[in-house]
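Right, one structure below, let's go through it.
The values are calculated or read from the model by the stated rules, or taken from the named source; none is laboratory data. As the structure is a prediction and not an experimental result, all values here were calculated from the model. In this analysis, Cβ positions are derived from the backbone assuming ideal geometry, glycine residues included, and neighbour counts consider all displayed protein chains.
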Amino acid sequence: MAEWLIYQLKDVHPLWQVFFLSMLPVTELRLAVPIGIALGLSPLSVLLVALAGNFVPVIPLLCLLEPWSRWLSRYSFFERLLAVLFKRTRQKGEKIQKYGSLGLLLFVGIPAPGTGVWTGCLLAFLLGIRFRYAFPAIVGGMVLAGLVVVVASVGAFKLAAYNIWLLLGVVAGVIMVVVLSGRRR
């Protein structure tokens, strides 16, 4: 599916490609950043555009997952499906629940398949993490994942030529805020 999306965007300006690919749950910034860098764009530009694109679904997902769930629960098929999903997620989400918003930040911040912003929002909803704790954790994890992907794509030594260290400071600040806010849900 990712190849099809990339093909569909071939005539679009490369920064817009990065933006749109970052918005999608299939690609997010984990694929959009390396593509943007491979297209010859500045790593800092790619990172900022990818973060903007990856941010777009965060607030709608955090705000709308509960109403969508209630609406779908009116139908018996979806009610059973959601009950199974809730049960399995709560059983397997013990580590994230144990560490609260910090666990959510680290979950989203590790750029592995299935650990992005979309999954983080779903996990926050399923584990009952409130918006005021989930939002900064997910955004902090998104920035952390973006930085990790840029470092992996460009290499740590080449980053010294870019002003990316400022963003590292921002990530450190977000992590501190999340940690200091406690493990409250």
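Structure above, values below:
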{"quantity": "Segments classed as helices (runs of 4 or more DSSP H), wholly inside the stretch 44-139, with at least 1 members that are out of contact with any Leu (no Cβ under 9 Å at 6 or more places or on another chain) and among the acidic types (Asp, Glu)", "calculated": "58-72, 94-109"}
{"quantity": "Of all residues making up the stretch 1-43, the number that are among the hydroxyl-bearing types (Ser, Thr, Tyr), under 15 Å from PRO111 (Cα atoms) and not in a helix (DSSP H, G or I)", "calculated": "1"}
{"quantity": "Residue satisfying all of: in the stretch 18-30; over 14 Å from LEU47 (Cβ atoms) and of a type in the set (A, V, I, L, M); surrounded by the fewest Cβ atoms within 10 Å (Cβ to Cβ) among these", "calculated": "VAL26"}
{"quantity": "ARG30 vs. criteria within 23 Å of GLY141 (Cα to Cα) and more than 19 Å from the chain's Cα centre (by Cα)", "calculated": "no"}
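Yes/no matrix, rows are residues, columns are (1) at pLDDT below 95; (2) in contact with a strand residue (DSSP E or B) (Cβ under 9 Å, 6 or more places away or on another chain); (3) under 19 Å from VAL177 (Cα atoms):
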| site | (1), (2), (3) |
| --- | --- |
| PRO34 | yes, no, no |
| PRO43 | yes, no, no |
| TRP68 | yes, no, no |
| ARG80 | yes, no, no |
| GLY100 | yes, no, yes |
| ILE138 | no, no, yes |
